[in-house]
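All of the numbers you see were taken from the coordinates with simple rules; none came from a lab. Predicted model only: the values in this text are computed from it and were never measured. Quick reminder, even Gly has a Cβ in these numbers, built from the backbone with ideal geometry, and neighbours come from all protein chains shown.
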Amino acid sequence: MKKISTGELKIFIPYVNKLTGIVLDHSKAYLIESRLGPLLDTLGCDTYSQLYTKARGDLSKRIEKSIIDAITTNETYFFRDKTPFELLKFKIIPDHIDSQKSSGILRPSLRIWSAACSTGQEVYSIAMVLREIIPDIARWQISIRGTDISDAAVQQASVGRYSKVEVERGMTQSQIQKYFIQDGKQWKVKDLLRAMVQFQKGNLLQPLLGLPKFDIILARNVAIYFSMDDRRIMYSQLANQLQPGGMLIIGASESLMGVSDQFQRINYLNSTFYTLK
């Protein structure tokens, strides 16, 4: 693995921040080396300075997209950190169902957004939860949107194809058999889930054009990589995309205290979610 010099770090830290919003420091040299090292080999670069020069000179922006894909690739799996999905199953979705019924709507609706959805496991996990707890789901207008800054992540999520290791991590065998079809050495999401979801590229620090307002937004473990100013920008954008009465779920280790005053914290059993003030 090629080492990155102190001088190269001074170039790449602000460059990565500009591309992704992710804040790195000199202690994260290993992360840049592990994520971008293979890209050096692919592009025939001997140094990170050469990679930077090639990326800046690439009018197609393909190299920058590859850098974004490599830097933003985060670990994810189906039903990761089960608590948010239990919160959806036992509190948030039932409350929304009751609200729709009490309003007398003939065809109830539900819009959910998974911000920074990575390769799609969170989105498909949400779809499975909905199919398990909404008995008359065919009557509902359901839209689950996943966005991510990485083209490669959005592409895999859209295809909905995962390895044996990926599907076995977080799901039971009965869930795999119910919602996936084996296709060679991989498993593909069945159409009954795929029809419920949409994926697109999106940067949470830029204007969110074309997105509707949502009843539920999940933005878990995203802001931890951002500066305080960028966190404020992100949560302000999320607040603008949330329906009145809608709910926001963030990571278990995250807090909006001192970051945004647009949300009200609600505790439910061992979980936390937020609504607009």
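Listed values, structure above:
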item: Residues satisfying the stated conditions in segment 84-104, i.e. of a type in the set (Ser, Thr, Tyr) and either assigned to a helix (DSSP H, G or I) or surrounded by 14 or more Cβ atoms within 10 Å (Cβ to Cβ) (or both); result: Ser99, Ser102
item: Boolean, Asp81 is under 26 Å from Glu254 (Cβ atoms), surrounded by fewer than 18 Cβ atoms within 10 Å (Cβ to Cβ) and charged (D, E, K, R); result: yes
item: Where Lys213 falls short, out of the listed (1) closer than 25 Å to Lys277 by Cα; (2) crowded, with 16+ Cβ neighbours inside 10 Å; (3) touching a helix residue (DSSP H, G or I) at 6+ places or on another chain (Cβ under 8 Å); result: (2)
item: Members of segment 231-258 that are touching a helix residue (DSSP H, G or I) at 6+ places or on another chain (Cβ under 9 Å) and surrounded by fewer than 18 Cβ atoms within 10 Å (Cβ to Cβ); result: Gly245, Gly251, Ala252, Ser253, Glu254, Gly258
item: Residues of segment 126-137 that turn out to be surrounded by fewer than 24 Cβ atoms within 10 Å (Cβ to Cβ), in a helix (DSSP H, G or I) and in contact (Cβ under 8 Å) with a residue 24 or more places away in the chain, as a count; result: 7
item: Selection within segment 63-79 - of a type in the set (Asp, Glu) and closer than 15 Å to Asp148 by Cβ; result: Asp69, Glu75
item: Scan of segment 158-204 for residues that are assigned to a loop (DSSP other than H, G, I, E, B) and among the β-branched types (Val, Ile, Thr), ordered by number; result: Thr172
item: Among the candidates Lys28, Lys65, Lys10, residue that is part of a helix (DSSP H, G or I), at negative phi and surrounded by fewer than 16 Cβ atoms within 10 Å (Cβ to Cβ); result: Lys10
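Rundown of residues vs (1) within 21 Å of Phe79 (Cβ to Cβ); (2) loosely packed, with under 14 Cβ neighbours inside 10 Å; (3) among the basic types (Lys, Arg), yes/no style:
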position	(1), (2), (3)
Ala195	yes, yes, no
Asn221	yes, no, no
Ser260	no, no, no
Arg265	no, yes, yes
